[in-house]
Amino acid sequence: MQCQLRRFINDSMTATTDLIVFTDLDGTLIDHDTYDWSPAQPALSALKGMSAGVVLASSKTAAEIIPLRQTLGLHQWPAIVENGAGILSPNGAETQDASQYNELLSILTKIPPALRDLFRGFGACSPEQVIDMTGLTAKAAQLAKQRMFSEPGLWLGTDMQKAEFLKILTAQGVTAQQGGRFLSLSFGTNKVDQMRRIIETYRPKHTIALGDAPNDVKMLEHAEFGVVIANPHRSPLPPLTGEEDGHILRTKASGPMGWNMAIHDLLDRLELH
Ligand SMILES: O=C(O)[C@@H](COP(=O)(O)O)O[C@H]1O[C@H](CO)[C@@H](O)[C@H](O)[C@H]1O
C-alpha cells in the first residue's frame, strides 16, 4: 500500500488542474440498469477540453475500473476503488493485495449461520448468481468478483436482524455502507478518505462530487459542489450537511443524463466553459 501511494504521488506530480470532478459510477455516471454512460459524453468532453480531472470513485473493484477508466479516456487520473479502500494511480494497473478481503471473509464465516445466511455476499456466490443479482455481463461479473478489500451483498433479513449482524461485525472492526444496490462490508474505509488525499496532492481550485447513494454522502459534503443524482430505484438521500447553503444540488434526471446536465450547469456557474 505504501509503495502504491508513493507511486500515485510521483505519477501525479506533473498534473495540475483548476477543477477535479469526483464521481460515483452505478446510478450516477453509469445508468443503474443498463450500465450505459453515453448520455454523459457531452459533459465528459467539455471537461476533457478544459483539462479538468475526473476521478472515478466507486465500490467497484480495481479490475472493473481499470478498463472502464481506459474506455472513458480518464487513465491519466487516479481512481478510487472498493469504497475508498484502494486507489489506482494515474495510468496504473496495480495488482492489489487481497489479504484484507480474505480476512473479511474469514470474519464472516465465524458469524452464527442463522444471521450469516441472511447476507448473500459476492464471495459466496457463483458467477451466475452475481450476474442474476447485478445484471452485469459474464465478463463484468467476473471482474466484480476480483475483490481485494470489501464484500458487497444483499441483505435478506429484517432490519432488526441486520442490526444484530452489524453489531457482531462492528466488534471485529468491520463496517457497512449502503451503495445503490448492495450493502458493502469493509474495514472502515470511505470514498472521502481517498478524495481528501487526491485534493491534497493536486490542489485544484474547484471540486465537484456526484453520487446517488449513502456511500457517496461524505464525498458530496466534502466537495465545493456536491450533486445528488436522482435514482428512482431507491428512496432519496436525506438532506445533507450544507444543503441549505446551496453547495448541494439535486438533479431531476437520473444517471448519466442528470450527470451531463449538472456538469454543464456547474461549469456555467463557475464560469469555466
Ligand atoms: O455497491 C453497489 O451497490 C454497487 C454500486 O457501487 P457504486 O455506486 O459504483 O459505488 O457496487 C457493487 O455492485 C456492482 C454491480 O451492480 C459491482 O460492479 C461492484 O463491484 C459492487 O461493489
Original post:
So which of Lys48/Lys205; Lys162/Lys252; Lys139/Lys252; Lys205/Lys252 end up more than 24 Å apart by C-alpha?
Top reply: Lys162/Lys252; Lys139/Lys252; Lys205/Lys252
Subject >> Residues of type aspartates and glutamates that Lys110 reaches as a straight line, Cα spacing below 18 Å, ignoring anything fewer than 8 places off in the same chain >> reply: Glu151, Glu164
**OP:** Determine how many Å³ per residue the convex hull of the Cα atoms of segment 1-156 encloses.
**Re:** 110 Å³
Original post:
For the chain, what is the largest minus smallest coordinate of the Cα atoms on each principal axis, given in angstrom and ordered from greatest to least?
Top reply: 56, 40, 34
**OP:** For His273 and Tyr35, calculate 0.36 nm times their separation in residues minus their Cα-Cα distance, and state this gained length in nm to one decimal.
**Re:** 82.9 nm
Original post:
If you count the DSSP beta bridges with both ends in the chain, what percent of them are antiparallel, to the nearest 5?
Top reply: 40 percent
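Bear in mind these aren't lab numbers, they're just calculated from the coordinates by the rules spelled out. Quantities reported herein were computed from a predicted structural model and do not represent experimental measurements.
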